Amino acid sequence: MISPANRRGRLSGSSQFPRVIALPNLTDSPHQVDLQRMEEAYALALQAAHAGEVPVGAVIYQGDRRIGQGSNQPIAAADCTAHAEIIALRAACHHTANYRLPNTTLYVTLEPCAMCAGAILQARIQRLVFATPDPRSGAAGSRFQLLQCDALNHRCEISSGVLAEPCAALLRDFFRRKRKNFTPV
């Protein structure tokens, strides 16, 4: 967890990827719980980045209990569905022995894609909190709005912007490094 004294709104850490995020002081904020849980998702995103995967992390809470977590691993798993949200949903379903996850909140560092949004709806996640939007394929309002679609039988409450800048910076840095090290075949 990040100390309140270390919250300055910028990234700090190693030259490869940041190990610690520094944020504005939000100790007295009513969103402190969201902030702490998004920090957990951010730590998982860092693990994905260090493994060469797109840095996205996700955690699922039911009340005060973390029941699932995941980081992107489609490359390592050779599985195009191994997004952080899907890994976390699978773990939570296994933990609860139920394919439905009512009264849960999913925290993820990047807005879910259409595949992940569909899985969120199928699991009946009550609330989604994502850090940064995905203007190319976000399905929680940036490109599509699947999670609050009146045509579907479940809707998910959505909050966004928690740790937005550190999570966006991690993604930008990751892809900048990928482009820099790219060698055409």
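The values are calculated or read from the model by the stated rules, or taken from the named source; none is laboratory data. Everything numeric here is computed off the predicted structure, so don't read it as measured data. Every residue, glycine among them, receives a Cβ derived from its backbone with ideal geometry; neighbour counts consider all protein chains shown. Accessible surface is based on the protein model in full, side chains and every heavy atom, while ligands, DNA and RNA are left aside. Shrake-Rupley method; radii C 1.70, N 1.55, O 1.52, S 1.80 Å.
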Backbone HN-Hα couplings from phi across region 103-118 [Karplus 6.51/-1.76/1.60, Hz, Gly and Pro as x]: 6, 10, 10, 9, 10, 9, 6, 9, 3, x, 7, 4, 4, 5, 4, x
Computed Rg/Rh of region 134-179, alpha carbon atoms with Kirkwood Rh: 1.11
Per residue of region 119-126, what does 6.51 cos²θ - 1.76 cosθ + 1.60 with θ = phi - 60° give for ³J(HN,Hα)? Whole Hz please, x for Gly and Pro, Karplus curve as stated. 5, 4, 5, 4, 7, 6, 4, 6
How much accessible surface does Cys113 have with a 1.4 Å probe, in Å² rounded to 10? 30 Å²
Can you tell me the dipole magnitude for region 126-185 around its Cα centre, using point charges on the Cβ only (Lys, Arg +1; Asp, Glu -1), in Debye to the nearest 20? 460 debye
Taking amide H positions as placed 1.01 Å from N in the peptide plane, with prolines and chain starts having none, which residues 5 or more places from Thr109, or on another chain, fall under 5 Å of its amide H? Gly57, Ala131
Compute the accessible area per residue over region 48-106, keeping the other protein chains in place, probe 1.4 Å, unit Å². 46 Å²
Non-local amide H neighbours of Gly68 (under 5 Å, H modeled in plane, Pro and chain starts lacking H): which ones? Ile60
What residue among Gly118, Thr104, Ala51 has its Cα farthest toward the positive end of the dipole of region 34-185, where the charges are +1 on Lys, Arg and -1 on Asp, Glu, each on the Cβ? Ala51
Share of region 128-171's accessible area from carbon and sulfur, percent, 1.4 Å? 48 percent
Can you tell me what the convex hull of the Cα atoms of region 27-185 projects to on average, as an area in nm²? 10.0 nm²
So for R0 = 25 Å, FRET eff. of His95-Lys178 from the Cβ-Cβ r, to 0.05, ends up at 0.15
For region 39-51, Karplus-derived ³J(HN,Hα) couplings (6.51, -1.76, 1.60; θ = phi - 60°; whole Hz; x for glycine and proline) come out as 4, 5, 5, 4, 4, 5, 4, 4, 4, 4, 4, 5, 8
